[in-house]
Each structure stands twice: as structure tokens, then as C-alpha cells.
1. Is it the case, given these coordinates, that GLY185 is assigned to a loop (DSSP other than H, G, I, E, B), of a type in the set (Gly, Ala, Ser) and buried (at least 18 other Cβ atoms within 10 Å of the Cβ)?
2. Cβ contacts < 7 Å: first residue free of Cβ contacts under 8 Å to residues at least 40 places away in the same chain, restricted to region 135-150; second residue open to solvent by 60 Å² or more (accessible area, probe 1.4 Å) and assigned to a strand (DSSP E or B), any location; separation 6+ or different chain. Result?
3. For region 154-182, which residues satisfy the criterion of being open to solvent by less than 40 Å² (accessible area, probe 1.4 Å), part of a strand (DSSP E or B) and more than 20 Å from ILE112 (Cβ to Cβ)?
4. Quick check: anything in region 195-206 hydrophobic (A, V, I, L, M, F, W, C), under 26 Å from ASN117 (Cα atoms) and modelled with pLDDT of 90 or more?
5. Does region 197-244 hold any residues that are open to solvent by 60 Å² or more (accessible area, probe 1.4 Å) and either outside any loop (DSSP other than H, G, I, E, B) or over 20 Å from ASN160 (Cα atoms) (or both), and which are they?
6. Given the structure, is PRO299 in contact with a strand residue (DSSP E or B) (Cβ under 8 Å, 6 or more places away or on another chain), of a type outside the set (Lys, Arg) and exposed (fewer than 14 other Cβ atoms within 10 Å of the Cβ)?
7. From THR249, THR255, THR297, grab the single residue that is under 17 Å from GLY213 (Cβ atoms) and touching a residue at least 24 places away in the same chain (Cβ under 8 Å).
8. Can you name the number of the only condition in (1) at pLDDT 90 or above; (2) surrounded by 15 or more Cβ atoms within 10 Å (Cβ to Cβ); (3) not in a strand (DSSP E or B) that ASP247 fails?
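The values are calculated or read from the model by the stated rules, or taken from the named source; none is laboratory data. Worth saying up front: this structure is predicted, and the values here are computed from it rather than measured. Ideal geometry is used to build each Cβ from the backbone, glycine not excepted, and the neighbour counts take in all protein chains shown. When the accessible area is computed, the model is the full protein with side chains, heavy atoms only, and any ligands, DNA or RNA have been set aside. Shrake-Rupley method; radii C 1.70, N 1.55, O 1.52, S 1.80 Å.
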Amino acid sequence: MMLRFALLAGVVLFSMEALGQCPAIQFVSSSAVSTYPAGVTASSGLQRLADGSFTRHTYNRTAPYARLQTTPGFQTNFTSCSTRTTGTPTPPPNRPLLTNDMLGAESRNPFIVDLANNGTGTVLLVGTFFGFTDQLFVGQTNADGSTKSSATYAVGKTPNSILTADFNNDGKRDVVTINVGNGTGPGSFSVLLGNGDGTLRTATTTATTFGPGLATVSDLNGDGKMDLVIVMAENPGGVAVYLGKGDGTFQAPVTYSTGSFAFGITITDLNGDAKLDVVVTSPAGSYSTLRGNGDGTFPK
């Protein structure tokens, strides 16, 4: 049995293996999306209920995004997962514990996040693949999974992925879109501050001097302000670090080379020194690490 979830940034295949084993997860490049059968017009998502069960909702992928089917008790399609170990994250000192706020901390498209802080999901989409040109789509849902409202917001040219965090320290989720421009040169990123009710303010777009790829967010220097790190999707590649000012804006970027074409990115403490490090991967299967100095900088 195989469950498929399509993402613009890739296709995630959950391959159900032998009973008692954890699902094997394989990420396939976005070009593989074209291998989906022609005429696929619906997408599905899972809603976890208070009793721990899952309901699958299937929606039309074109406006008005009507719900086509609901399948309660969908967890019966899962195998039990007994081999996955659990752990307790230990954040570096003075940095926020993002355990319950990690959704959206690494850019992707689309994803569902509680933008209104009311316990229900908000769908965030960008890209012509979903029918939105230079726009961010925000679709709020009701507690039962039905559509509540939707809106679009203008952003920079050719948005490719999204991330969310509280960039101005008002306790409300904000949204950033990473915009690739014409795909062969510099791009931009757009910041849309949240109102706390599922709506967003007008975007502020900042041009980049490089072709942006994926991005991630964390507090690199322990000042309680969210910082933005964007992959420089070029050859040679690297990352651009934008330290946050805590008001939704950022300091001028500092760039670091990774020596090869960069693609994926994540932030973690690799060596247990309580300083956050950056790991960047390349499509060729290699990876580069930038060991953090603890103040938002990295060795050149």
C-alpha cells in the first residue's frame, strides 16, 4: 500500500512496509510531479482529531476548492511504527524552544499552519502550479475541515516556497515567501506580517543579489529575534544570513560559500556546543556544514 502527497517543492512518498516498521520516506524532485497521471484534479490532507484518530479530506485542486470526500478513521491505513526512537530537544541557552512551533520553520510549498491561532489549519500556497501568479493564497478552514474563507496577497516575482514564524515578536505568526524571479538571476523575499486572525498585512519585498533557493529560520545569535537563512542556489553555492531586527525587518545579509551548488538547508547544533550550525545539501548528494560562532556568524 502506498500513500502519495504532492508538494510543489517535491513529492513525498510514504511507502508502507512490513508491519511494525516505520514508513520509508523518499523525496522526489519537483520535476517528478509531471509524471503524475494527466487529469488528476484533487488533493488530500489528514486532520487529526482530539481522540487521536485521523480523517482524510479530499479537495478539488481548482477554485472553489470544494471538499469532494471525507474518510473518517483513516488511521486504519497506517502500520504501527515501533522502531522510531523519540528524544527531548535541548535548545541552546536563551533561544526559544521551537518544539511546538517548528511547522513552517523550513520553507516548503504548500503547507497547513494555524495562522489564526484558533486551533484550525490555514492553507498556504504559492506558484503557478496552483494557479497563483506572484501571489500567496491563504485559505482558512473551519474546525470540521470545511472552507471558511480565502484571500490572495501580492508578493515578489515567482514565489517558490513559504515559511512562517513570528518575525516582529508580537506573538502572531508572520509569513515569508521566497521568490525566484525569472529563475536565472537574482530574486527576492516577501514578508507579510500577521494580524493574528488568519489575515496578513501588505507584503514588504526585499531584493536579493543572488538566485534564492530554499530557506529556514531560527534565532542564530540568541537575542530572541528570528533570523532568516536563504540558500544561494548558484554554482558555487552558499547561504545568505539575514539577522532579524525583531520588527519584521532584517539586517543586511552576510553570505557564506558552501563550495558547491546548494539546494536544501537545515539548522541544528551539530557538535553540542550550544551554538547553532547550518547544514546545506546539494542535488549531487553531498553536503556542507557551517559551524556557528554563536553570534549569528560563521567562519568564512
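1. Numbers: assigned to a loop (DSSP other than H, G, I, E, B): yes; of a type in the set (Gly, Ala, Ser): yes; buried (at least 18 other Cβ atoms within 10 Å of the Cβ): no.
Taking the combined requirement at face value, the residue does not satisfy it.
2. GLN135/THR152; GLN135/ALA154; PHE137/SER150; PHE137/THR152; THR141/THR147; THR141/LYS148; ASN142/LYS148
3. ASN179
4. Taking region 195-206 first, the residues hydrophobic (A, V, I, L, M, F, W, C) are 200, 203.
Among the residues that remain, those that are also under 26 Å from ASN117 (Cα atoms) are: 200, 203.
This time we only want the ones that are modelled with pLDDT of 90 or more, so: 200, 203.
Yes, region 195-206 has at least one match.
5. Applying the first criterion (open to solvent by 60 Å² or more (accessible area, probe 1.4 Å)) to region 197-244 yields 197, 201-202, 204-205, 207, 209, 223, 225, 234-236.
Across region 197-244, the qualifying residues are ASP197, THR204, THR205, ALA207, ASP223, LYS225, PRO236.
6. On the way: in contact with a strand residue (DSSP E or B) (Cβ under 8 Å, 6 or more places away or on another chain): yes; of a type outside the set (Lys, Arg): yes; exposed (fewer than 14 other Cβ atoms within 10 Å of the Cβ): yes.
So PRO299 passes the test.
7. Working: THR249 fails: under 17 Å from GLY213 (Cβ atoms); THR297 fails: under 17 Å from GLY213 (Cβ atoms).
Criteria check complete, one pass: THR255.
8. Result: ASP247 passes all but (2).
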